[in-house]
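**Student:** One structure coming up, written as structure tokens, with questions to follow.
The values are calculated or read from the model by the stated rules, or taken from the named source; none is laboratory data. For clarity, every value in this text was computed on a predicted model and none was experimentally measured. FYI the Cβ positions are ideal-geometry reconstructions off the backbone, even for glycines, and counts take in every protein chain you see. For the accessible areas, the whole protein counts, side chains as well, though only heavy atoms, and no ligand, DNA or RNA atoms are used. Shrake-Rupley method; radii C 1.70, N 1.55, O 1.52, S 1.80 Å.
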Amino acid sequence: MRCKSPEPVALKLFMPTLTIDNQTVTVTEGASVLDAAIALGIVVPHFCYHHTLGAVGACRQCAVTILEGSQKGLKMSCLIAAEDGMVVNTCEEESVAFRGQVSEWLMTNHPHDCPVCDEGGECQLQDMTIGAGHGIRRYRGNKRTYTNQELGPFIAQEMNRCIQCYRCVRTYKDYCGGEDFGVMGSRQRVFFGRFKDGPLESDFSGNLIDFCPTGVFTDRTNRFKTRSWDLQQAPSVCPHCSLGCSTLPGGRYQELQRVRSGGNRLTNDSFICDRARFGSDWNNHPKRPREARIGGEKVEFSYALELLEERLEKLVGEHGGDALRLLGSPRASFEANLL
């Protein structure tokens, strides 16, 4: 007797619908309340949470008040799963006061060095501190200080700016595959670094720069060079291998100042290797031409391109297409070589 094959069962994906600050949103199953707020464009201050890393509840900054649901009261929105019918308020007096106090605690030992910090202008700590309502410092005591480590030629460390969000160690160990960097100490003396000075061993160590929400880890190759608002930036593709990772190069004064990771979830998400981040200094070689020249004389690019087109057409017309050869470069993208 032949057994009858079971009928295929359609799996239904449960997508909870909740209300945050009188706005309704539907999210995927497993999404947190903070994810739902971000989907609505509602700013809930947070530090330890990152869409790639997830949440660990280390910073205690994303407090909201849940009015209806299985977990009512003051809760950390990054750790609470969104529920169908849940009602959340981010503006309740209790949660607003809590976020302001937490922000003040985190800033107790943070130095007043924003004018010289390379993170200035794109610092999440700046944005979230003001977003949490903390703008006046009452603490007048001595601040905790550290001796910074030498982490190699690419990454500069300023541990005095740390707010113990644990993003760096989670990034390095869980995603960069490194084992020579971690967290040490306890209480107010927590330190993120190595047992001794030395270059970080992971080929993805530069991601610490992007994932740190403050100025603890910054790009040493771009140190004190420029501010983010001075850069001309545009999405690009890394030319160093065939993976096609998304990058965000920034230039100024006809010089490539830095390269950061793009945000393509289909390729590299929010990560790039150190070759992609730091391996493009050849762009700024002093012998590379910065302007169009004909016979040694500087001319406009548009005129140079027109003259080049005329000469190529003449060459092909007189000697045929086989007489023309074009030089590519392994440092150029596939698309550039194809053109």
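**Student:** Go over the candidates A332, A304 one by one and state the one that is more than 21 Å from L208 (Cα to Cα), out of contact with any Phe, Trp or Tyr (no Cβ under 7 Å at 6 or more places or on another chain) and outside any loop (DSSP other than H, G, I, E, B).
**Tutor:** A304
**Student:** In addition: Restricting to the stretch 203-215, count the residues that are modelled with pLDDT of 95 or more and either over 24 Å from H51 (Cα atoms) or polar (S, T, N, Q) (or both).
**Tutor:** Matching residues across the stretch 203-215 total 2.
**Student:** Looking at (1) more than 14 Å from N207 (Cα to Cα); (2) within 18 Å of the chain's Cα centre (by Cα); (3) surrounded by 22 or more Cβ atoms within 10 Å (Cβ to Cβ), find the lone condition where Q164 falls short.
**Tutor:** Against the list (1) more than 14 Å from N207 (Cα to Cα); (2) within 18 Å of the chain's Cα centre (by Cα); (3) surrounded by 22 or more Cβ atoms within 10 Å (Cβ to Cβ), Q164 comes up short only on (3).
**Student:** Run down F211, F191, F154 and say which single residue is open to solvent by 10 Å² or more (accessible area, probe 1.4 Å), of a type in the set (F, W, Y) and under 30 Å from A332 (Cβ atoms).
**Tutor:** F154
**Student:** Those residues that are assigned to a loop (DSSP other than H, G, I, E, B), surrounded by 10 or more Cβ atoms within 10 Å (Cβ to Cβ) and free of Cβ contacts under 8 Å to residues at least 12 places away in the same chain, I need them from the stretch 307-329; list them, please.
**Tutor:** Across the stretch 307-329, the qualifying residue is only G328.
**Student:** For the stretch 175-206, give me each residue that is in contact with a strand residue (DSSP E or B) (Cβ under 7 Å, 6 or more places away or on another chain) and outside any loop (DSSP other than H, G, I, E, B).
**Tutor:** V183, M184, F191, F192, G193
**Student:** If you don't mind, there's one more thing I want to ask. If you scan the stretch 246-291, which residues turn out to be among the basic types (K, R), without any contact (Cβ under 8 Å) to a residue 40 or more places away in the chain and either closer than 23 Å to F211 by Cβ or surrounded by 18 or more Cβ atoms within 10 Å (Cβ to Cβ) (or both)?
**Tutor:** Those that are among the basic types (K, R), without any contact (Cβ under 8 Å) to a residue 40 or more places away in the chain and either closer than 23 Å to F211 by Cβ or surrounded by 18 or more Cβ atoms within 10 Å (Cβ to Cβ) (or both): R258, R265.
**Student:** A follow-up question, please. Applying the selection to the stretch 330-339, what residues are out of contact with any strand residue (DSSP E or B) (no Cβ under 8 Å at 6 or more places or on another chain) and either acidic (D, E) or open to solvent by 100 Å² or more (accessible area, probe 1.4 Å) (or both)?
**Tutor:** Result: P330, R331, F334, L338, L339.
**Student:** Related question: Does any residue of the stretch 92-99 turn out to be open to solvent by less than 20 Å² (accessible area, probe 1.4 Å), of a type in the set (S, T, Y) and out of contact with any helix residue (DSSP H, G or I) (no Cβ under 9 Å at 6 or more places or on another chain)?
**Tutor:** yes
**Student:** Which one of these is part of a loop (DSSP other than H, G, I, E, B) and either over 23 Å from Q124 (Cα atoms) or at pLDDT below 95 (or both): E83, E94?
**Tutor:** E83
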